[in-house]
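Notes to accompany the following structure.
The values are calculated or read from the model by the stated rules, or taken from the named source; none is laboratory data. No experiment lies behind these values; they were computed from the predicted model shown. With ideal geometry, Cβ positions are generated from the backbone for all residues, glycine too; neighbour counts draw on all protein chains shown. Keep in mind that these areas ignore ligands, DNA and RNA; they rest on the heavy atoms of the full protein, side chains included. Shrake-Rupley method; radii C 1.70, N 1.55, O 1.52, S 1.80 Å.
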Amino acid sequence: MQEIINTDEIKSAIDQAVKDIKSSATLREMKMKFLGKTGEIAALMKKIRELPPEERPATGKIINALREWAEQRFDECEAAVKQAELGERYLREKIDVTLPGKKRKKGAFHPDTLIVDELVSVFSGMGFEIYEGREIETDYYNFTALNTPKDHPARDMQDTFYLGGDFLLRTQTSAGQVHVMENKKPPIKILSPGKVYRPDDDATHSPMFSQMEGLVVDKGITLCDLKGMLDEFARKIFGSGVKTRLRPSYFPFTEPSVEVDVSCFECGGKGCKLCKGTGWIEVLGAGMVNRAVLENCGIDPDEYTGFAFGMGIERIAMLKYGINNMKLLFEGDVRFSKQFRE
Ligand code: DAH
């Protein structure tokens with residue numbers, strides 16, 4: 001019997017193993033080696049069958065006691081290993097909460113965005129809805145429906161990026177007017193800000209720039225309504241003392257057409273560098289919607305009339321913020337943009 005179950009030997013092997021164990025992985029390995037189904041203690045148990053029957057119960061007890069003892073040793077070892085590993089992890093993941101955080105740089109609103117936001121707020125106060133048109137248009141919406149058919153001399157006023165087929169990059173937010181009138185019965189009162197494109201690139205032109213279009217169509221709309229609305233717009237955007245004046249002009253989609261000036265907000269109209277001594281600054285184009293345009297959109301010009309206006313956002317931004325070089329608006333330098341938030 002002594003020979004078959006030499007518990008002393010196993011015990012000292014387990015003692016040694018437990019001493020050497022430094023990680024959960026070796027702990028698992030050693031547990032398998034001694035306590036696993038095919039481990040050394042299980043092997044001893046199997047040998048019991050080789051003993052004479054009367055010796056078996058006593059030997060079984062000895063082996064069971066050995067198993068319990070071994071389980072206890074490994075449990076103690078597991079507790080110690082876990083504690084040690086947790087300590088190491090705490091050390092590894094230690095965070096120094098006194099270190100300064102990483103600073104995120106703040107951006108700034110582009111002057112165009114500030115102007116558009118301000119215009120939207122002024123005009124929505126007057127009951128205008130926002131319509132966001134599309135930048136890719138067809139020739140029809142950008143020109144023909146706006147009373148500018150092919151070969152019309154007014155097409156020369158706006159160089160165009162043609163995209164192939166009938167498509168082009170819109171040269172004016174006016175194209176949106178046609179979509180609105182096609183889809184909605186009057187009363188119509190919309191404001192449409194957006195990007196437009198023309199192949200010009202010099203000190204005062206960029207191939208991409210921004211416009212803001214306005215359109216009002218209803219029964220009995222007159223040029224007086226346009227003038228009243230423009231006065232309100234000029235006071236809100238450029239200052240309470242600012243006046244407007246209308247000068248005759250030409251656009252194919254309006255009749256009559258006007259250029260709108262505001263009295264110089266820099267010198268109060270006396271004449272200065274900004275207004276080139278005239279006392280007036282041109283800010284936008286406008287007019288009464290041409291009968292032909294209303295007809296093209298399925299609106300009866302004998303029943304309804306309307307006015308429209310269109311302005312360049314960069315121009316308004318430059319005037320309002322005193323920016324003297326348009327290129328600054330297209331460089332995307334945040335230090336530049338940071339100056340204009342009021
Ligand atoms: N679309 C014109 C342009 O880009 C601006 C304009 C003028 C718009 C008169 C209008 C208008 O709605 O009535 O030059």
>> Anything in the range 187-242 that is acidic (Asp, Glu) and closer than 20 Å to residue 160 by Cα? List them, or say none.
In response: 200, 201, 202, 213
>> Tell me yes or no: at least one residue of the range 302-318 is away from the ligand (no atom under 16 Å from the Cβ), loosely packed, with under 15 Cβ neighbours inside 10 Å and of a type outside the set (Phe, Trp, Tyr).
In response: yes
> If we scan the range 162-183, do we find a residue that is under 19 Å from residue 130 (Cα atoms), in contact (Cβ under 8 Å) with a residue 60 or more places away in the chain and open to solvent by 70 Å² or more (accessible area, probe 1.4 Å)?
Replying inline: yes
> Going through the range 286-303 one residue at a time, which ones are part of a helix (DSSP H, G or I) and of a type in the set (Asp, Glu)?
Replying inline: 295
> Would you call residue 242 touching a Gly at 6+ places or on another chain (Cβ under 6 Å) and more than 23 Å from residue 152 (Cβ to Cβ)?
Replying inline: no
>> Looking at the range 232-259, I want the residues that are among the hydroxyl-bearing types (Ser, Thr, Tyr) and have a partner that is open to solvent by 60 Å² or more (accessible area, probe 1.4 Å) and in a strand (DSSP E or B) with Cβ atoms under 8 Å, at least 6 apart or on another chain. Which pairs are those?
In response: 257/248; 257/250
> Taking the range 135-157 as the search range and keeping residues that are farther than 20 Å from residue 295 by Cα and open to solvent by 50 Å² or more (accessible area, probe 1.4 Å), which one is nearest to the ligand (Cβ to nearest atom)?
Replying inline: 157
> Does residue 324 fit the bill of being polar (S, T, N, Q) and open to solvent by 70 Å² or more (accessible area, probe 1.4 Å)?
Replying inline: yes
> Which condition number does residue 131 fail, the rest of (1) modelled with pLDDT of 90 or more; (2) away from the ligand (no atom under 14 Å from the Cβ) being met?
Replying inline: (2)
